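In what follows, a structure is listed as structure tokens, so that the remarks can point back to it.
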Amino acid sequence: LRKVGASCSAGSWGDADGECGVRGDADSLEATGAITIGSGLLRVPETPPTLLPTSGELMLGAPTETTAAVDADTVPTATRGRLPLAVAAVRLRIPGNLWLRGRGLNVEIAGDLVVGLREGRPVVQGDLKALQGSLKLLGNFFTLERGLVVFMDDAEALDPDLDIRLSTRTGDTRYYVDVTGNVQTPQLELSSDPEMSDEDIVASLLFGRSVNELEEGQAGMVAD
């Protein structure tokens, strides 16, 4: 593969080079290879709009005889098919210039991954590193200090571990956001130097004052 490009309607795109091969019969394919992503952009989807209005009149139609007669047990459910590959070991190299953007996030990613298979489902080993970037949070731009996403090949699910730290400075105070845990259940921790409570950190970032100095409406925003 030479200078292969891809794009999607949501705005993500990428280009890559590499070599890969597939061999075997239809029920037992083996895939190997190495692909290098030269550059790209991954768009983080924005929060989707609510499906129903939050104010005004709303009329819901009554079910028709046809829809009312349908038994829930007869409705087909989607099943996730397994890949027709028996063995896979494809190396994915990302030297940099791959950006993750959306929801206030703008981060350059690099890494080296190996994508394999276990019982017909993909397994990923390796890590992704955030080289540089920022996050807009509570009206402030936090600069990336470190960022690491680690994939374990022995994990039961595709749920990498996180180790991310961002910081910003306002006056003589530096504020930190640490994200740990894993993608499915991330843990977010706020801290500051000098040390402050979580409530005072949020109040200071939003309004430049401690929580005890806020008006009632402002204190409610901090609580939210």
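Can you check what the net charge comes to around G102, using other residues whose Cβ is under 13 Å from the Cβ of G102 (Lys, Arg +1; Asp, Glu -1)?
Once positives and negatives cancel, what remains is +3.
Can you give the local net charge around G217? Use residues other than it whose beta-carbon is closer than 15 angstrom to its beta-carbon, Lys and Arg +1, Asp and Glu -1.
Charge balance near G217 sits at -3.
How much length is gained if the chain between D163 and R103 is pulled fully straight, taking 0.36 nm per residue apart and subtracting their Cα-Cα distance, in nm to one decimal?
Computed gain between D163 and R103 is 19.7 nm.
Net charge within 15 Å of S9 by Cβ-Cβ distance, Lys/Arg positive one each and Asp/Glu negative one each, not counting S9 itself?
Net local charge, S9 excluded: 0.
Can you give the log10 of the normalised intensity I(q)/I(0) at q = 0.24, 0.25 Å⁻¹, computed with Debye over equal Cα scatterers of the stretch 110-181?
Log10 I(q)/I(0), no solvent term: -1.01, -1.05.
Listed highest first by mean packing, meaning other Cβ atoms within 10 Å per residue, what order do 142-152, 162-172 come in?
Result, highest mean Cβ count within 10 Å first: 142-152, 162-172.
Rounded to the nearest whole Å², what accessible area per residue is found for the stretch 77-196 with the 1.4 Å probe?
61
Packing-wise, with mean Cβ within 10 Å as the measure, how do 181-193, 202-214 rank, highest first?
202-214, 181-193
For V114 and K129, calculate 0.36 nm times their separation in residues minus their Cα-Cα distance, and state this gained length in nm to one decimal.
3.9 nm
Considering the alpha-carbon set of the stretch 150-224 alone, what are its Rg and its Dmax in angstrom?
16.1, 51
At a Förster radius of 22 Å, what calculated FRET efficiency corresponds to the Cβ-Cβ distance of L148 and A34, to the nearest 0.05?
0.45
Once you have the Cα-Cα distance between L1 and F141, take 0.36 nm times their residue separation minus that, and quote the gain in nm to one decimal.
Separation in residues times 0.36 nm, less the Cα-Cα distance, equals 46.5 nm.
Treat every Asp and Glu Cβ in the stretch 140-224 as -1 and every Lys and Arg Cβ as +1, leave all other atoms uncharged, and give the resulting dipole magnitude about the Cα centre to the nearest 20 debye.
Charge dipole, the stretch 140-224, about its Cα centre: 420 debye, nearest 20.
Counting C-alpha atoms alone, how compact is the stretch 76-224: give Rg to one decimal and Dmax as a whole number, in angstrom.
Both quantities, over Cα of the stretch 76-224: 19.9, 63 Å.
The values are calculated or read from the model by the stated rules, or taken from the named source; none is laboratory data. Small disclaimer: the values here were computed from a predicted structure and weren't measured. Please note: Cβ atoms are built from the backbone with ideal geometry, for glycine as well, and neighbour counts cover all protein chains shown. The accessibility values were calculated without ligands, DNA or RNA, using every heavy atom of the protein model including side chains. Shrake-Rupley method; radii C 1.70, N 1.55, O 1.52, S 1.80 Å.
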